[in-house]
1. Tell me which residues, restricted to the range B:19-52, are surrounded by 15 or more Cβ atoms within 10 Å (Cβ to Cβ), more than 10 Å from DNA strand C (Cβ to nearest atom) and either more than 26 Å from the chain's Cα centre (by Cα) or β-branched (Val, Ile, Thr) (or both).
2. Search the range A:55-97 for residues being within 16 Å of DNA strand D (Cβ to nearest atom) and within 14 Å of another protein chain (Cβ to nearest Cβ), and hand back the single one that is nearest to A:GLY190 (Cα to Cα).
3. For the subset of the range A:153-178 comprising residues that are polar (S, T, N, Q) and modelled with pLDDT of 95 or more, which member is farthest from the chain's Cα centre (by Cα)?
4. Identify the single condition in (1) at pLDDT below 95; (2) within 11 Å of chain A (Cβ to nearest Cβ); (3) farther than 27 Å from B:PRO82 by Cβ that B:PRO101 does not satisfy, given that it satisfies every other one.
5. Is one or more of the residues making up the range A:84-97 under 30 Å from A:VAL156 (Cα atoms), among the polar types (S, T, N, Q), at pLDDT 95 or above and away from DNA strand C (no atom under 16 Å from the Cβ)?
6. Any residue at all in the range B:34-53 that is more than 10 Å from DNA strand D (Cβ to nearest atom) and within 14 Å of another protein chain (Cβ to nearest Cβ)?
7. Would you confirm, using the coordinates I've provided, whether A:LEU106 is buried (at least 20 other Cβ atoms within 10 Å of the Cβ), touching a residue at least 12 places away in the same chain (Cβ under 8 Å) and not assigned by TED's automatic domain parsing to the domain that holds A:VAL29?
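The values are calculated or read from the model by the stated rules, or taken from the named source; none is laboratory data. Note that the structure is predicted; figures quoted are calculated from it, not measured. All Cβ positions, glycine included, derive from the backbone under ideal geometry; neighbour counts span all protein chains shown.
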Protein chains: 2
Amino acid sequence: MARRNDHTREELRELALEAAEHIVQTQGVEALSTRKVATAIGYSVGSLYSVFSNLDDLCWQLNTRTLTELLEELERQQAEEPKACLHAYGLIYLQFAQRHPERWRLLFEHRSPEGKQMPDALETQIATLFSYIDRCLGTLFPAWSANELALRARTVWSGVHGIAQLQLGDKLFLQEPDGATQMLALLIDGLLKGWQQEGECHA
Amino acid sequence: MARRNDHTREELRELALEAAEHIVQTQGVEALSTRKVATAIGYSVGSLYSVFSNLDDLCWQLNTRTLTELLEELERQQAEEPKACLHAYGLIYLQFAQRHPERWRLLFEHRSPEGKQMPDALETQIATLFSYIDRCLGTLFPAWSANELALRARTVWSGVHGIAQLQLGDKLFLQEPDGATQMLALLIDGLLKGWQQEGECHA
DNA sequence: TCTCCTTAATGAACACTGTTCAATTATTAT
DNA sequence: ATAATAATTGAACAGTGTTCATTAAGGAGA
């Protein structure tokens, strides 16, 4: 059996990514293997390696898909007020992590062997993510420089990200089920209020 | 060769953990394997399994050691002023993550197969970590309830933790080399100022 | 229709992994 | 010296990522 041409290269890639996504979601990150993906799509391991350079490559492509999905959800939200917008972003982020815990883990915990860099596509997407927060902060604090803005946007996002990660790792030990959501509100409100009062009104 | 008694059970455990720590630090988390640890301490794989129930167990014990080391560093710092204390804690945390990136990764990214819980010892240590921040916040905001305090202590820690993780994952994309340190200051100062002005002075 | 060439597709092979457990052997007790 | 005990081993099993010689299907030219 050769040159079956049941699927084009691109179709095969899509099939494989879909199968991999399903395995990760249902059996966890560590259950992902080339043989499982191959059998899931009805091809052999060798065929996989004609589409992806290796498992690492497949993981990054999967992560790109995941981040695309997250970015789409973030774009879909349309609060005008920048403060409300930031809250909405944070909530979407937290809920996305909760809904897709394994894919989220792969996105932030996968590292290439031998310190290979993450692909440019993903780097661009993360930059896009930052730009959303940048925009919100920019309208709230028009006086800040681009550098200042970048630094603070990353600070906000780190906070949200930290909450998401600790929550997923069961390292928060909170009684309330919506503890993470409450923390999110405390974080964003606290930072915005604190940064607003910078210089003025210092107790 | 049996009953060599070169080392007691406890000594063997210690040897193995030390070797594992070294492997993780020098070759990365994914390079850790039972055979490598075994050969490093001059025993066979089988002997490892008489001291640890499996690799997962060894990882958790390694993580307990790492967290002990971090807690010791946190205790060593002795700023009286609660605000300064929080800053110091954050800096120690960030620097610890930078100095021991692989052990830190293992600590926060390791998950047991089949959703087994993390051991009680580690849970207690994390609670201790929270208690430090609790104490600082408690003296700054004596009016808060224990619940309120817990929620905010975790919020602060999530922020610091998020900065540490994104920095290690090269997902911050900042020009300045000390960007993470600046973010840390912005985070803590912002949150404290914002939480201080809560209710009063609301713009 | 019958070759010939190209190439999609395979799966055995290699070196690794965690884990188990019968076999071996050094120490202790009798 | 002998028997009992338990520390230690390493082969075996099922899995992993990756490579690559082999196979066979499709198209082109006669």
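1. Within the range B:19-52, B:VAL24, B:VAL29, B:ILE41, B:TYR43, B:VAL51 meet the criteria.
2. Residue satisfying both the conditions and the ranking: A:ASN63.
3. Of all residues in the range A:153-178, those polar (S, T, N, Q) come to A:155, A:158, A:165, A:167, A:175.
From the residues that got through so far, the ones that are modelled with pLDDT of 95 or more too are A:155, A:158.
Values: A:THR155: 16, A:SER158: 12 Å.
Per the criteria, the residue is A:THR155.
4. (1)
5. Pass one, the range A:84-97, residues under 30 Å from A:VAL156 (Cα atoms): A:84-97.
Within this subset, residues satisfying the condition of being among the polar types (S, T, N, Q) are A:95.
Checking which are at pLDDT 95 or above leaves us with A:95.
Restricting the remaining residues to those that are away from DNA strand C (no atom under 16 Å from the Cβ) gives A:95.
Yes; the residues of the range A:84-97 include at least one that is under 30 Å from A:VAL156 (Cα atoms), among the polar types (S, T, N, Q), at pLDDT 95 or above and away from DNA strand C (no atom under 16 Å from the Cβ).
6. Just the residues of the range B:34-53 that are more than 10 Å from DNA strand D (Cβ to nearest atom), to begin with: B:36-37, B:40, B:52-53.
Among the residues that remain, those that are also within 14 Å of another protein chain (Cβ to nearest Cβ) are: none.
Scanning the range B:34-53 turns up no residue that is more than 10 Å from DNA strand D (Cβ to nearest atom) and within 14 Å of another protein chain (Cβ to nearest Cβ).
7. Values: buried (at least 20 other Cβ atoms within 10 Å of the Cβ): yes; touching a residue at least 12 places away in the same chain (Cβ under 8 Å): yes; not assigned by TED's automatic domain parsing to the domain that holds A:VAL29: yes.
For A:LEU106, the condition - buried (at least 20 other Cβ atoms within 10 Å of the Cβ), touching a residue at least 12 places away in the same chain (Cβ under 8 Å) and not assigned by TED's automatic domain parsing to the domain that holds A:VAL29 - is met.
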